[in-house]
Every structure is written in C-alpha cells, then in structure tokens.
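Below: one structure, written as structure tokens.
The values are calculated or read from the model by the stated rules, or taken from the named source; none is laboratory data. Predicted, not measured: the structure shown is a model, and the values here were computed from it. Here the Cβ positions follow ideal geometry from the backbone for every residue, glycine too, while neighbour counts run over all protein chains shown. These accessible areas exclude ligands, DNA and RNA; they are computed on the full protein's heavy atoms, side chains included. Shrake-Rupley method; radii C 1.70, N 1.55, O 1.52, S 1.80 Å.
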Amino acid sequence: MIKGVGEKMNNKKFQVFISSTYADLLEERKKILDVLFMADCIPAGMEAFVAADTEQFEVIKKVIDLCDYYVLIIGRRYGSIHPETGKSYTEMEYDYAIEHGIPVLVFAINENIELSADKMETDEDKINKLKKFRTRAMTNRLASIWESTEDLTGKLAISIMKAKSEIKRPGWQRAVDFDEASLRREIMELKNENKQLINDLKAAREEISFLTEETNIAFEDYEIKMEYHYRSQSGLRAGSVNISLQDLFITIATEMMEVSIVEALVEKAIKIKFLSGKAESYLDDKQFVKKMLNQYRALNLVYSYWNNDNRELYWGLTNKGCKMRDDVILIRNKEV
C-alpha cells in the first residue's frame, strides 16, 4: 500500500454522475446534490446543460468515464429520444455506464403516486419505452422505489454509503496525500505487470492460433497486384506492381524489430520498399494494408492489440513471424 493512504482515506472523494430526465425532476436533482455533498461525493450531473444532441452526449460519456458511481433517477417521463438509437438520452447514459462497468444505483418512482400532468408522459410510444427501460433498470442489484423527494434523498444517502463500503472505486484524492517515491515505485510495478500480461496474452493468442491454424491460406509464391496512383510532373498517374506475399511480409516484418507498430507505419514501409521514387503515392485500395495484415494474422505470423493510451491498434510479430523473417534476412556462414 502507498504510504499515507490509510491515514488520508477520509480525504478521498467519489465522483457520482446523476442521470435523469431534467425538467420534471429538477427539485429532486437539487436535493440529491445536497445529499452527495454531505456524503463527501462530487456530483457530476449535467446541470449546466441538458443532453439534447449527439455532440453533447459525447461530452457526457467522457464525464461518466471519470465517475466512480452512476445514479439513475426514474420518474414518469421518458425524455428526448436520440434520432439514430431510438432511445432517450437518459437510457443511453445508463447503457453506457453499464457497458463500462460503472456501479449503478437505480431509484424509480412508485408508479401509483399521483403527479401533475407536466410530470407525466403522454406519448404512447414513450410510455412503452419508459416501461421497458424501467423494468430493465430495476433488475439492478442496487435498485429501489421512492415515493417522495424526502424518501428519495434518504434512500440515496443510505445506498451511496453502502456502495462506497461494498464496491471499491478509485475516487479522487489530492496528490499531496501520497508519498511521491512510493507512488513512482507502484507505477513501475504496474508497468512491469502490464508488460508481463501483454506477453502472456501474446503467448496465449499464439497457442490458440497454432491449434486452429488453417492450411489453405496463400503465402510464399502467391503474388498480389498492388495498384496505386502517384503524382508526376505531368499530373496524377496510375501504376501497379506485383508482389509476392512473402516479400511483402518480410518488408513489414523487418520494420517490427522487437517493436509493435501502427498501420500507418506499415503502409509507409510498403511504399518505401515498392514505390520508391513515386512521389505522393496513394494506394487505390484503401484497405489494402488491413487485408494484408489480416492475411498474415491468419497465418499466425502477426498479432494485434489495442493500446488504450494511444487509442490505436498495434501490430507485432508472433514467434513464428520472427522465425520466418530471420530465416530470410539473416546472413549465414557458407556451408563447407
């Protein structure tokens, strides 16, 4: 454990996203904010603006990503519907939180409670959508029914304290509460652990690929035509070159000397090797590189993994791919 964490635990704050329809639950949202502040939480409801279009929803998703818990308040209105998904923005927020593993606390109003007309849904389609959404949300382990604002805030206070004790979340804590040297050591340990997990995943994928490897996939002497355009003094001109799948692989594999690279670097290596002298060249098939990488993956020569930090797909050589490359490019002693 990092030095100082135990002593400073009381300083940790948890960020809570408040999701609901807006106008009909305005008073409830205000009371919920007070409860969360008293519970040492940081409310993250979208009070500054209401999600009403795709651009704003993208912002909301980023806010949810930073939250420790997600609170869903269900009243008697369904809310604005996204034109593409056919769901309300509130339901889309809920789905996003569930998909990304954010602990969800659900509070649905008692359907027998009398409400004013402005707080009731009148559109038949929305009424049906709300019913289905409510039924699905109430299957959540931390779900309860509320009958008044006071009842809601009381149940929320109990539920959020229970969630904080039972569902451990990272929370937010001032950096000065940590010992820097211990923090650096833990970061290095996590990096090493992550590296080992990547290697283990690579080995597991190779084993699976080996067990399921197909035998009728073209390679070695099989040639493909790579068509392209390039800019010359006389304008844009077309060209093509025939390349064996093995030669193309060796070109790519030589770029992967103990490193994984992104697709753009693979394409660059191909152009340098086979389109040398062709200024501003463009491959006609925009998915040519993807198709070739997939071909080599099927042959268990390369593997891929997603890098969350860079938000890009990286490609590297399997053990079989490394051996294939070395068999071709290594300079060996002449046999006597």
request  = List the number of the failed condition for residue 162; all other conditions in (1) more than 20 Å from residue 36 (Cα to Cα); (2) without any contact (Cβ under 8 Å) to a residue 24 or more places away in the chain hold.
outcome  = (1)
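Table: residues versus (1) open to solvent by 20 Å² or more (accessible area, probe 1.4 Å); (2) farther than 25 Å from residue 327 by Cβ; (3) part of a helix (DSSP H, G or I).
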| position | (1), (2), (3) |
| --- | --- |
| 229 | yes, yes, no |
| 243 | no, no, no |
| 247 | yes, no, yes |
| 257 | yes, no, no |
| 268 | yes, no, yes |
| 279 | yes, yes, no |
| 286 | yes, yes, no |
| 290 | yes, yes, yes |
| 295 | yes, no, yes |
query = Any chance the stretch 181-191 includes a residue that's within 22 Å of the chain's Cα centre (by Cα), at pLDDT 85 or above, among the β-branched types (Val, Ile, Thr) and open to solvent by less than 100 Å² (accessible area, probe 1.4 Å)?
reply = yes
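Of all residues in the stretch 117-156, how many are hydroxyl-bearing (Ser, Thr, Tyr) and open to solvent by less than 60 Å² (accessible area, probe 1.4 Å)?
The total comes to 4.
Answer yes or no: is there a residue in the stretch 8-18 that is polar (S, T, N, Q) and modelled with pLDDT of 75 or more.
The answer is yes; a qualifying residue exists.
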task = Examine the stretch 92-107 for a residue that is closer than 15 Å to residue 19 by Cα, open to solvent by 40 Å² or more (accessible area, probe 1.4 Å) and without any contact (Cβ under 8 Å) to a residue 60 or more places away in the chain, and state whether such a residue exists.
result = yes
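So that you can scan it fast, the table gives a plain yes or no per residue for (1) at pLDDT below 90; (2) hydrophobic (A, V, I, L, M, F, W, C); (3) under 30 Å from residue 197 (Cβ atoms):
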residue: 214; (1), (2), (3): yes, no, yes
residue: 231; (1), (2), (3): yes, no, no
residue: 235; (1), (2), (3): yes, no, no
residue: 285; (1), (2), (3): no, no, no
residue: 292; (1), (2), (3): no, yes, yes
query = Any idea how many residues of the stretch 157-166 are among the basic types (Lys, Arg) and open to solvent by 60 Å² or more (accessible area, probe 1.4 Å)?
reply = 1
remark   = (1) more than 24 Å from the chain's Cα centre (by Cα); (2) over 21 Å from residue 200 (Cα atoms) all hold for residue 290 apart from (1)
key: Contacts under 9 angstrom Cβ, first residue in the stretch 188-205 being without any contact (Cβ under 8 Å) to a residue 60 or more places away in the chain and in a helix (DSSP H, G or I), partner open to solvent by 80 Å² or more (accessible area, probe 1.4 Å) and of a type outside the set (Ser, Thr, Tyr), 6 or more apart   = 203/319
key: Condition check for residue 303: surrounded by 15 or more Cβ atoms within 10 Å (Cβ to Cβ) and without any contact (Cβ under 8 Å) to a residue 60 or more places away in the chain   = no
message = So residue 320 ticks every box in (1) open to solvent by 80 Å² or more (accessible area, probe 1.4 Å); (2) under 26 Å from residue 216 (Cβ atoms); (3) not acidic (Asp, Glu) but one. Which box is left unticked?
response = (1)
inquiry  = Six or more apart or on different chains, Cβ atoms under 8 Å: show the pairs whose first residue is in the stretch 277-297 and among the small types (Gly, Ala, Ser) and whose second is in a loop (DSSP other than H, G, I, E, B) and surrounded by 13 or more Cβ atoms within 10 Å (Cβ to Cβ).
reply    = 281/275
